[in-house]
Structure formats: C-alpha cells, structure tokens
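Take a look at the structure set out below.
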Amino acid sequence: MKRRRLGSVLAFFFAATAAAVAATVSLLVGEIASQDSRRRIGEELEELASQLRDRLDAGMGERLHDLQLIAAMQQADEPSPRRGAEQQVLEKLKASFAQYSWIGFADVQGRVLYSTGHLLEGVDVAERPWFRNGLLGPFAGDVHEAKLLARLLPRPDNGEPLRFVDVATPVLGADGAIQGVLGAHLSWEWARRVVDRTFHVTGTVREIEVFILSRDGKVLLAPPGKEKHNLPEVPRGAVSEILSWSDGQPYLTAISHSAGFGSDYHGLGWQVAVRQPIEVAYQPIRQLQWAILLCGVIAALGFALLGTRLARSLSQPLLELAQAADRLRLGEPDVCIPETDQYREAARLSASLRHLVEGLTSESAKLATLNASLEEQVRDRTEMLDRANQHLLGTLQERDELVNRLKQLANTDSLTGLLNRRAFFERADQERRRAERHGTSLAAVALDIDHFKRVNDQHGHTAGDEVLKALARTCHVTLRDVDLIARFGGEEFMLLLPDASLADAIRVAERLRQTVAALQVPLPAGGTLAITISLGAAVHRHGLPLGELLDQADHALYAAKRAGRNRVEYLPDDTVELPAD
C-alpha cells in the first residue's frame, strides 16, 4: 500500500479543518441572518393583516358614526318628520360613500317612512335584525345575504349573491324618546375594494392573498376561485405561522382579529388571514444563504492554501530526520542525525532518535514480554465485564417487570381487573377537560348489583366474587374501548362514556341491564345464579365538576333502586331527545 507523505497529510487536514470551520461559520451566520429575515418577513405579513383589519374596522366604525351624526341632526320633535329634507340628507350621504346600498328611516312600529331611492318605503321591517337591535342602541350587523332588497338592487359583477353588512342607530326626539331607527345596508363589495386598495401592488408582486372570515371561521371574502380554502387550525396564541391549507400547500400565514373602532363599534369578530407561498416568502432568505455560503467557500479555499504552505514548512525537518533513519536502517556508517532549529519539537526529536537507536535492541524484548502480559490482562478483564453485564441485564429486566406490576396494582382493582377509584378519577378528569375543550358530550352511568348482600349471605363471598367478575366481563364486552369502567367499591361500578349524549347513555345502560338480566353466573358449589342491576345516567354540562357529574349519576341510581330495582333512571334534561320506551 502506498503511504502518504506527512506533508500531504498535514496539508489535507489543514485544508479540511479550514473548510469545516469556514462552512460552520457560514452556516451559523446564514442561520442567524435567516432567522432574522424570517422574523422580519412574518412581521411584514402581520403588519399587512393589521392594516387591513384596521381599515375594515375603521370603515364600519365611520359608517356607524355617519348614522349617529344624521340621527343627532334629526332630533325630531314635530308630529311628522320633514321627509323631503331628511331624505335629501340620506341621498347625499349615500352619494358620499358608494358602498351604501340603502339608507332608510323606520318609525318605532318598523314602517319605513323614507329611504334612498324610495326603496322599501312603507314596508314593515320590524322583524329585521338591524331594526330590532337599532331600537336598543348603536348596532353593527355581520355579513348576510340580501332579503328584501335582493330583487330591487343589481347583482354584483362577479355573479355572487348580493350581501350586506348593517349599521343602525336609534333616533331620539327632543324629549329623549325613541322616534325610530336609522339604518343602512353596506354592500360587502366594500370589503373587497378595501382589500384591493391595500394589497394591489404588494399582493400582485409577492403573490399575497387575503381571506376574511367570520367569528366562527366561515369564509366571508376570498380570492376568486378560492372560496373553499378554509383556514387551517391555528396554534393557540400564534400570529404568523407556516400552515398547510386545504389545497395541501404550505403558506406563511398571518392572522389578525377585529378589535373594533371607537367607543360604539366593538367589532364583529372578523379574522383577517394574509397568506403567502413559502417559496415566494422565503426566496430572499435562500438568496442570502447562497451568498453567505459562497463567501464561506472562498474563505475556505484561502485558509486551505495557507494551511498547505504551513504544512510543508512543518514537515520538512521531519523529512530530513526520516532520510537519516533510512540510512541507519541500511547500515550506512557515520550517519549524522541532522539538527534543526526551525522549532523546538524537531530538535527534541533529533536527540531522541539518537537515544532510541542505542536502546532499540534491549527494549524490543521488554516490549514483547509486556505485550503478552497486557493481552492476558485484557482477556481476563473482558471476561469479567461480560459476566457483570449479564448480571446487570438480568437485574434491569427484573426491575422493569416489578415496575409494570406495581403500576398495574396501583391502577386496577385486584378482583375484577377494572380501574380503581383513583385511576378512574385521573382518566375521567382528562375526558372531562377534553369534552369542554372540544365542545363534545360526556355521560356517566352508575350501576349497582341488586340484593348483592343476599348473594354473599346465601352463597358465600366466593360466589359474590364470581358475580363481580362476571359483571366486569359483561361490561367489557358490552361497552366501547374508549369507555371507562371502574369498580368504586363493593358491588358499585361507574361508567364514563366519552362523546355520548344522555340518550346514548340511557340506551347503553338499558342494553347492559338486559344483558346482565339474561346472564347465568356459575357458582363454585354448582349451579348458576341470575342477577339484576340498577343503573343511573347523567350527562355533563359545560363547567360542571367531575364530582358533581358522578353524584348526579349516583342520585339517578338510587332513584332506580327506590323505583323497584332492575331499571334505568336518569336526571331529566329538556335539551336531550330521549329514546322511546
């Protein structure tokens, strides 16, 4: 095998080390710069979302303020309002803001007295939300499709149904009494124009898209053709995040929530989501990373060249010593070991080489003896370590088995294998929190073996144990895997049914009651025994502690016992449709 020269090896390692250091520094600097760029890009999207949110809130707040000014001007104290003059004011207000589709005044009975374009005059609007809420105070209504005005106003150019947002305010007389409601419908196209003005330049160049969603996540405004791109689930507290939308593509997404405008408009809970494709958003970051990497490569090449020259300088004295050693090996007489003063290590190596040649023969035998002794010691130590490792492995396996057994004993009832009271409360509380977090239902069923004391008295406690174990097996077969079953003590059991309404719990309890009633439990002394159970069902309501839910199921159980046993009772709940008998 061809051996490498020391100079070449040193040159290679100097170059590799320089390249690694340069690459590490480049990547570190690039990562720091990338993180700063990502933060800045995210803040830009957040700022765009906030600007659009503020403009939408300001637009709604200003329109509400417009109506409040008109209402303050009217202060009607005459028997009949001056409809001509006041209608002109409304027409001028509508002309000043093109997105006003309709403005009108209705008296306290809900009859429209005058309006822009005379539309809906004389029509009863008493049941419209803007009128009912306007009687109570300044009101802003969420996006909805046109009802009364759908046939009277032209449809939008994009073919979408005519949609409005409403603003309304009460009109007071000089005596402070309500004279009627001044209301206005704003075309939802106003929001699209706000979006177009805000993102006309940046949105086209940087492929930024805007979605406006209602408080419950319904899409109110989206780019053409993307109305079904629902906002994905957003991590709690996130403002800008990389999210995968319904089209399967990742987007850098910033979300801003409506906060209202002024003291009267508190916002409608709109969510403004601004998204940008990851490839476009992070393109400057990739360009920066390539630039930094290129600088790192150039720096690495410079360091490698410098390292090569340094390696040659270091290896030259060693090469001269190696040539002298070769002459000694060939038996050349009067070989002079060269002395060098380039660096102290080479001079010491030269002196050591002379002493080494002198003692090489005697030391060779000592090294052979020492090598044999070391091999024997290594072999002995290896065997000792193998035995110790085998013992340690066995000890660890025994410990794991003991830990698993202790966990099982701590969480389960030793007779039935069901959850005990402590383990049941831990897992049941987790299910309660999950149900409240996701808004799902949760039901509890308490059950008790009828006349169980009579079983123990007549057939013995061994028979009673068989009855308890048979009931536990029946519960496992009848219920779902996600349902929790626990023995609370004696013959009392508790069931927790996730995602189950009161009607579901009653059906499950009745099915379990019928199954147990048909059961024949073999007795140790021979023969079989039939048993019945009484059950009580209750359903969880938001904010109800777990203990109270179980108490309600327990109360229903005692009601079943009082009603004659072998039946299912429940706490009445008018909000739940119960199964027919």
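The values are calculated or read from the model by the stated rules, or taken from the named source; none is laboratory data. Just so you know, these numbers come straight off a predicted model, no measurement behind them. Cβ sites come from the backbone with ideal geometry, for glycine too, and all protein chains shown count toward neighbours.
Results, tabulated for the structure shown:
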{"item": "Residue tally, condition crowded, with 17+ Cβ neighbours inside 10 Å, over 36 Å from the mean Cα position of the chain (by Cα) and charged (D, E, K, R), over segment 498-514", "result": "1"}
{"item": "Among residues of segment 488-497, those that are crowded, with 19+ Cβ neighbours inside 10 Å, farther than 19 Å from Ala517 by Cα and either more than 27 Å from the chain's Cα centre (by Cα) or in contact (Cβ under 8 Å) with a residue 60 or more places away in the chain (or both), counted", "result": "2"}
{"item": "Every residue from segment 416-442 that is of a type in the set (Asp, Glu) and within 18 Å of Phe488 (Cβ to Cβ)", "result": "Glu426, Asp429, Glu431"}
{"item": "Cβ pairs under 6 Å, 6+ apart, first in segment 96-111 and in contact (Cβ under 8 Å) with a residue 40 or more places away in the chain, second of a type in the set (Ser, Thr, Tyr) and assigned to a strand (DSSP E or B)", "result": "Gln99/Ser187; Ser101/Ser187; Gly104/Ser115; Phe105/Tyr114"}
{"item": "Those residues of segment 241-286 which are among the aromatic types (Phe, Trp, Tyr), more than 30 Å from Leu64 (Cα to Cα) and more than 20 Å from the chain's Cα centre (by Cα), in sequence order", "result": "Tyr282"}
{"item": "Where a residue in segment 463-483 is more than 18 Å from Asp499 (Cα to Cα) and not assigned by TED's automatic domain parsing to the domain that holds Ala446 and its partner, wherever it lies, is among the small types (Gly, Ala, Ser) and assigned to a helix (DSSP H, G or I), with Cβ under 7 Å and at least six apart", "result": "none"}
{"item": "Flag for Ser256 being part of a loop (DSSP other than H, G, I, E, B) and among the hydroxyl-bearing types (Ser, Thr, Tyr)", "result": "no"}
{"item": "Residue match in segment 4-18 (condition: modelled with pLDDT of 75 or more and part of a helix (DSSP H, G or I))", "result": "yes"}
{"item": "Sole residue being in the same structural domain as Ala518 (by TED's automatic domain parsing), under 21 Å from Pro545 (Cβ atoms), at pLDDT 95 or above and not acidic (Asp, Glu), chosen from Leu497, Leu447", "result": "Leu497"}
{"item": "Some residue of segment 21-32 being modelled with pLDDT of 75 or more, surrounded by 15 or more Cβ atoms within 10 Å (Cβ to Cβ) and either of a type in the set (A, V, I, L, M) or closer than 30 Å to Leu172 by Cβ (or both)", "result": "no"}
{"item": "Every residue from segment 240-295 that is closer than 30 Å to Asp142 by Cβ and hydroxyl-bearing (Ser, Thr, Tyr)", "result": "Ser240, Ser244, Ser246, Tyr251, Thr253, Ser256, Ser258, Ser263, Tyr265"}
{"item": "Residue identified as at pLDDT 80 or above and over 11 Å from Val181 (Cα atoms) among Glu62, Glu78", "result": "Glu62"}
{"item": "Subset of segment 124-148 (residues that are part of a loop (DSSP other than H, G, I, E, B), crowded, with 18+ Cβ neighbours inside 10 Å and of a type in the set (Gly, Ala, Ser))", "result": "Ala146"}
{"item": "Tally of residues being part of a loop (DSSP other than H, G, I, E, B) and in contact with a helix residue (DSSP H, G or I) (Cβ under 6 Å, 6 or more places away or on another chain) across segment 471-500", "result": "1"}
